[in-house]
Amino acid sequence: MSYILNIETATKNCSVALAKDGKTILCKEIAEEGYSHAERLHVFIEEIIKEVGITYQDISAIAVSQGPGSYTGLRIGVSAAKGLCFALDIPLIAVDTLQVLASQAKVSSGLIIPMLDARRMEVYSAIFTPNFESKRVVQAEIITENSFEDLQETLYFVGDCAEKCKPVLTKDNFIFLEEIKYPSAREMSLLSFEKHQKNDFVDVAYFEPYYLKDFMMTVSKK
């Protein structure tokens, strides 16, 4: 029996899920404009442990969404995951955020394109098959009317970019699954379990989130 605690904080969604043998037992999450991750994350973890009726010593590994995504959100999630790994002396698993997002799309054909907002018309994106196998690595790209024009398959777009990208990406084979907006720890369960089975761990001391872009601090105009 293998319990894994999954942490997803790469976007506005603060999400924690406890899984056993790759299946989610309990998930707690909330998506707020104010990014309440620092306040909510540890509360969710404590509540899940208590409600499921296990102890921290029953957890075999901690999995964290590695990015790309919000700089602050990723830092909070990774810091919490590292702290638990150090305290419990258990391994850390890193899971690709866009694969977690893509895993919510249940389609039988075509391609899944998860996209997360990266300011203005830029997005973080990747391409996956219906079986969630990678067809193109993660990259930051500026969306134009010519984006993805070389792909003839039906393309299913998921993520928080529908509002700004839908008016630009208008080809007949483009479908926006607007109900799938943020990655969730619920979809991390199987991905983290498969990595655990392969001993695919990252170094707790040196692991850093995959920011993809340098952090940019903005100055208030007030």
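When the listed pairs LYS135/LYS198; LYS28/LYS166; LYS106/LYS166; LYS106/LYS181; LYS28/LYS50 are checked against a 18 Å cut-off, the alpha-carbon distance exceeds it for LYS135/LYS198; LYS28/LYS166; LYS106/LYS166. If you take log10 I(q)/I(0) by the Debye sum over Cα atoms at q = 0.07, 0.13, 0.14, 0.18 Å⁻¹ from the coordinates, which of [x] -0.32, -0.89, -0.98, -1.34; [y] -0.41, -0.81, -0.86, -1.15; [z] -0.22, -0.73, -0.84, -1.28 do you get? Read-out from the structure maps to [z]. Centre-to-centre separation between the Cα atoms of the stretch 28-101 and those of the stretch 186-203: 14 Å. Relative contact order for the stretch 16-108: 24 percent, from Cα pairs under 8 Å spaced at least 6 residues apart, divided by residue count. Relative contact order, whole percent, for the stretch 105-176 stands at 32, derived from Cα pairs under 8 Å and 6 or more residues apart. Computed over the stretch 64-199, relative contact order equals 23 percent, with contacts defined as Cα pairs under 8 Å that lie 6+ residues apart. When Lys and Arg each count +1 and Asp and Glu each count -1, what net charge do the other residues less than 10 Å away from VAL204, Cβ to Cβ, add up to? Neighbour charge sum, excluding VAL204 itself: -1. Of all aspartates and glutamates in the structure, those lying under 13 Å Cα to Cα from LYS171, and not within fewer than 8 positions of it along the same chain, are GLU145, GLU149, ASP150, GLU153.
Full extension of the chain between PHE132 and LYS164 gives 9.0 nm of extra length, using 0.36 nm per residue less the Cα-Cα distance.
Since every read-out is calculated from the coordinates, none of them should be taken as a lab result. No experiment lies behind these values; they were computed from the predicted model shown. All Cβ positions, glycine included, derive from the backbone under ideal geometry; neighbour counts span all protein chains shown.
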